[in-house]
Amino acid sequence: MQGGVILLDGGMGRELMRIGAPFRQPEWSALALMEAPETVEAVHQAFLQAGSEIVTTNSYALVPFHIGEQRFRDQAQTLAHLSGRLARQAVERASHTARVAGSLPPLFGSYRPDLFNAPTAQSILEPLIAGLSPWVDIWLGETLGSIAEAEAIKVGLDRADSEDQRPLWLSFTLEDIADDRLHPPRLRSGESIAASVAAAHALGAHALLFNCSQPEVMLPAITLAATAIREQATLGQTALKLGVYANTFEDRSSAEGANESTSGLRRDLTPDSYLTFVRRWVEAGACIVGGCCGIEPEHIRKLHEEIPL
């Protein structure tokens, strides 16, 4: 692309809810996949029409935390396969050159790195990776609350196919504390931005992103990450691409999981106001931008129209 900026899509789950697709807790966005898959494809198509160059599979909620242990054992791989097929189908029907990112989510609940359980992580990742693999161009570990969660994804991908050459993108969620003078941005585990950069390099990631946090915390995180990447480059490391896709959640306690309740959405984050944030991220070094929960096709259309892509 001319400007080097890659445009992601927006938030699948809240867009499904907005258009009236089946949606409830605890299944979240998985319910539409199970009961009305045509609505999932319709959301993909809406983001593609708005200008998205990457659509993300609706596999985020395909974990026991959301769909239950028994349904996960019985249907996880089939549902993951369906989520991948729907994303690919939307791209092909739109005659679009967009790519498909395979969403590999936090395995034990959003915003809850304290619940991460390494011994059982691979049993959750295995059917998700197997189901998504035929369809995706990029592996996207997203809303990761800790470095341990990212490491588990890398192990799972290597176990599935150690020769897989598709890019790995790792996206971490940040504490929603905007005062970076007193509280430097950090992962929800408390780990530093510099540590996330080092981990992304060590795991062979192609891109480091921050997502599913409020827009206000993203700029200081990108600034710190860009500095750490430059320092790594002086040591001979290949530079990571940087990306951001924030949510529109109202301010909330970080002790509560992102999808434990249906959060209220901020009214001030209009397409125009979100564009202001995105411009700052791009100026600071982000070359992958989009939106998470509550970011609609109209937000993406505004970015497509205004950001020099």
* Asked: Any residue at all in region 133-142 that is crowded, with 24+ Cβ neighbours inside 10 Å, at pLDDT 95 or above and either of a type in the set (Gly, Ala, Ser) or assigned to a helix (DSSP H, G or I) (or both)?
  -> yes
* To do: Considering (1) in contact with a helix residue (DSSP H, G or I) (Cβ under 6 Å, 6 or more places away or on another chain); (2) within 21 Å of residue 191 (Cβ to Cβ), say which one residue 90 fails and leave the rest.
  => (2)
* If you go through region 102-120 one residue at a time, do you hit one that is polar (S, T, N, Q), in contact with a Phe, Trp or Tyr (Cβ under 7 Å, 6 or more places away or on another chain) and not in a helix (DSSP H, G or I)? -> yes
* Asked: Does any residue in region 261-283 that is within 27 Å of residue 112 (Cα to Cα) come within less than 7 Å, Cβ to Cβ, of a residue that is among the hydroxyl-bearing types (Ser, Thr, Tyr) and crowded, with 17+ Cβ neighbours inside 10 Å six or more places away or on a different chain, and which pairs are these?
  -> 265/248; 266/248; 269/248
* Cβ-Cβ under 6 Å pairs, at least 6 apart or on other chains, region 197-214 side farther than 14 Å from residue 8 by Cα and modelled with pLDDT of 95 or more, far side assigned to a loop (DSSP other than H, G, I, E, B) and polar (S, T, N, Q) -> 201/237; 213/173
* To do: Please enumerate the residues belonging to region 136-164 that are within 15 Å of the chain's Cα centre (by Cα) and among the acidic types (Asp, Glu).
  => 137, 142, 149
* Structure fact -> Restricting region 133-155 to residues that are touching a Gly at 6+ places or on another chain (Cβ under 6 Å) and not aliphatic (A, V, I, L, M), the one farthest from residue 246 (Cα to Cα) turns out to be 135
* Given the conditions (1) charged (D, E, K, R); (2) buried (at least 20 other Cβ atoms within 10 Å of the Cβ); (3) closer than 27 Å to residue 126 by Cα, report the number of the one that residue 24 does not fulfil. => (2)
* Residue pairs meeting the criteria (Cβ under 6 Å; at least 6 apart or on separate chains; first modelled with pLDDT of 95 or more, in region 105-120; second among the polar types (S, T, N, Q)) -> 106/143; 110/143; 110/259; 113/146; 113/189
* Structure fact -> Subset of region 148-197, residues surrounded by 18 or more Cβ atoms within 10 Å (Cβ to Cβ), closer than 29 Å to residue 134 by Cβ and β-branched (Val, Ile, Thr), comes to 153, 173
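To keep it simple, each residue is scored yes or no on (1) in a helix (DSSP H, G or I); (2) closer than 24 Å to residue 107 by Cα.
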position	(1), (2)
15	yes, yes
20	no, no
32	yes, yes
38	yes, no
44	yes, yes
52	no, no
58	no, yes
* **Selection within region 89-101 - buried (at least 17 other Cβ atoms within 10 Å of the Cβ) and either part of a loop (DSSP other than H, G, I, E, B) or of a type in the set (Ser, Thr, Tyr) (or both)** => 98
* Would you check if there is a residue in region 232-250 being out of contact with any strand residue (DSSP E or B) (no Cβ under 6 Å at 6 or more places or on another chain), of a type in the set (Lys, Arg) and either over 21 Å from residue 113 (Cβ atoms) or modelled with pLDDT under 95 (or both)? => no
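The values are calculated or read from the model by the stated rules, or taken from the named source; none is laboratory data. All values derive from a computational prediction rather than experimental measurement. Cβ: placed from backbone, ideal geometry, glycine included. Neighbour counts: every protein chain shown.
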